[in-house]
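Heads up: the structure comes next, in structure tokens.
Just so it is clear, none of the values below were taken in a lab; they were calculated from the coordinates. For clarity, every value in this text was computed on a predicted model and none was experimentally measured. Because the Cβ atoms are built from the backbone with ideal geometry, glycine has one as well, and the counts that use them run over all protein chains shown.
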Amino acid sequence: MKKILIVIDMQNDFVDGALGTQEAQAIVDRVEAKIKTYPADCVYATRDTHEENYMETQEGKHLPVPHCIRGSRGWQICDRIASAMPSAVIIDKPSFGSTALAELLRSESEKEELEIELVGLCTDICVVSNALLLKAYMPETIIQVDASCCAGVTPESHAAALKTMEMCQIRLAV
């Protein structure tokens, strides 16, 4: 069985930029350490990716804080995380969940059995969205989220997202 790590949106804007939080900053060391436990060819990452017209989009109208604009410093994966995964497959995603990531990993799972672990930001938006997409695309694949390597918009919404994932048969590691 091949074990895959997915690092969700560990970007500057979510760590210490436009939407950064102390909770996000607090997980950087743990995420970096987690990445180092996986072979380099088993690490995938996502990047929340918006264009200059972000404020005109549905998301921009509901969250009017420009962030992760393609090419900006905020869009980049934070330096320590990027350095820990120099050969990661990085998928830019225009929304919370990435169907491209789910399709890629489903294709990989047809070649060999996978076990997938997710870490990153934000537990209650992009981590939960991707975990549920992966579960929908690969219902028999073990999907796990390391709660100690995730942070939500708030501690309360982080806990609620973890409970939602647990109810959907996504394993939680702490």
Of the candidates Ala136, Ala88, Ala84, the one satisfying the condition of being of a type outside the set (Val, Ile, Thr) and farther than 25 Å from Gly20 by Cα is Ala136
Note on Met55: of the conditions (1) surrounded by 15 or more Cβ atoms within 10 Å (Cβ to Cβ); (2) over 20 Å from Ile170 (Cα atoms); (3) of a type in the set (A, V, I, L, M, F, W, C), unmet is (1)
Would you point out which residue out of Asp48, Asp9, Asp13 is buried (at least 18 other Cβ atoms within 10 Å of the Cβ), at positive phi and not basic (Lys, Arg)?
-> Asp9
Determine which member of the set Asp92, Asp41, Asp48 is among the acidic types (Asp, Glu) and under 17 Å from Gly152 (Cβ atoms).
-> Asp48
Options Tyr44, Tyr38: the member that is under 17 Å from Glu117 (Cβ atoms) and either β-branched (Val, Ile, Thr) or in a strand (DSSP E or B) (or both) | Tyr44
Of residues in the range 82-119 being surrounded by fewer than 19 Cβ atoms within 10 Å (Cβ to Cβ) and basic (Lys, Arg), the one nearest to Gln11 (Cα to Cα) = Arg106
For the range 146-174, how many residues are under 23 Å from Asp16 (Cα atoms) and touching a helix residue (DSSP H, G or I) at 6+ places or on another chain (Cβ under 6 Å)?
-> 10
